[in-house]
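Taking it in order: structure first as structure tokens, then the write-up.
The values are calculated or read from the model by the stated rules, or taken from the named source; none is laboratory data. Predicted model only: the values in this text are computed from it and were never measured. When we count neighbours, we look across all protein chains shown, and the Cβ atoms used for this are built from the backbone with ideal geometry, even at glycine. Just so you know, the surface numbers come from the protein's heavy atoms only, side chains and all, with ligands and any DNA or RNA stripped out. Shrake-Rupley method; radii C 1.70, N 1.55, O 1.52, S 1.80 Å.
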Amino acid sequence: MDSALDTAPHSLRLSVWRDYDEAACALPGMFLGDLELTGPVAPESERLWELGARRVVLPDAVDLTAVRDLADAQRTVRALSLVRDLTARAVLVEWDLRLDPARPEDWQILSHLQPPRTLHGASDPQAALTTWRNGHYLGKCLWRNGPGFLQIRDRRWGNLQRFTADEPHYRRAIEELAYGALRQSVSKDALDDFTGERLVLHLGPLAWWVPYRVRRWIQEAMAI
């Protein structure tokens, strides 16, 4: 489900290890190197997993204020997409997040992702980061394909909210939004519905799909 916008040449720098634990990462052969990802995020995430990546460090902060033009918005969306896709695989992602001060509560929309190391721009950054860390678990906001329908399960606000859609244009909208899409290119009613349920984040001219696609169940699927 790569977006055409995701093929833009915005590289992502990261450092990669084979283990989650810092002590284990210091052992010979555990460091996979400092990499630069230039391809679409979906296959790059798959490649990292196949390489054995279990801990990834992004040196550059993901800055939600740097989205005024299309190129900057694409760069931000690529970084968020990588964090989302690696979170779905239970990879430890160490990253930093800068919110738009005009939208200090946007961290809640992203609270299903691996918690960042640092958080800037929230009303109370330390309290928000503590809440994020204490409440994080795999499967907090995800979507999956069923036979003829798609389902989203969202627990970011505590209680389970479940949405099921069988209309083809909703599926198309998710495919378009997955790695960022120009807002005017997406079906308006689908985008409005997803925005109202806080399943989409608007970043400059782009809209980006927030839930991750389920990759690893942490318990039986019926219990999620």
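A few remarks follow.
- Within region 159-193, tally of residues that are among the small types (Gly, Ala, Ser), in contact (Cβ under 8 Å) with a residue 12 or more places away in the chain and open to solvent by 30 Å² or more (accessible area, probe 1.4 Å): 1
- GLY196 meets each of the listed conditions (1) over 18 Å from VAL83 (Cα atoms); (2) touching a residue at least 60 places away in the same chain (Cβ under 8 Å) apart from (2).
- Subset of region 9-36 [in contact with an Asp or Glu (Cβ under 9 Å, 6 or more places away or on another chain) and either of a type in the set (S, T, N, Q) or open to solvent by 50 Å² or more (accessible area, probe 1.4 Å) (or both)]: SER11, ARG13, SER15, LEU27
- Condition met for ASN134 (of a type in the set (S, T, N, Q), open to solvent by 30 Å² or more (accessible area, probe 1.4 Å) and within 26 Å of PRO168 (Cα to Cα)): no
- Which listed residue, of ARG98, ARG156, ARG84, is under 22 Å from GLY180 (Cα atoms), at pLDDT 95 or above, of a type in the set (Lys, Arg) and open to solvent by less than 10 Å² (accessible area, probe 1.4 Å): ARG84
- LEU142 vs. criteria touching a strand residue (DSSP E or B) at 6+ places or on another chain (Cβ under 7 Å) and either among the basic types (Lys, Arg) or open to solvent by 50 Å² or more (accessible area, probe 1.4 Å) (or both): no
- With respect to the stated conditions, ASP124 is of a type in the set (Asp, Glu), out of contact with any Ser or Thr (no Cβ under 9 Å at 6 or more places or on another chain), under 25 Å from ASP96 (Cα atoms) and open to solvent by 80 Å² or more (accessible area, probe 1.4 Å).
- Residues that are open to solvent by 10 Å² or more (accessible area, probe 1.4 Å) and under 20 Å from PRO43 (Cβ atoms), drawn from region 56-75: GLN74, ARG75
- GLY29 fulfils the conditions (1) over 24 Å from ALA181 (Cβ atoms); (2) touching a strand residue (DSSP E or B) at 6+ places or on another chain (Cβ under 6 Å) except for a single criterion, (2).
- Looking at region 12-115, the helices (runs of 4 or more DSSP H) lying wholly inside it that each contain 2 or more residues that are under 18 Å from ARG133 (Cα atoms) and under 17 Å from the mean Cα position of the chain (by Cα) sit at 70-88, 106-109.
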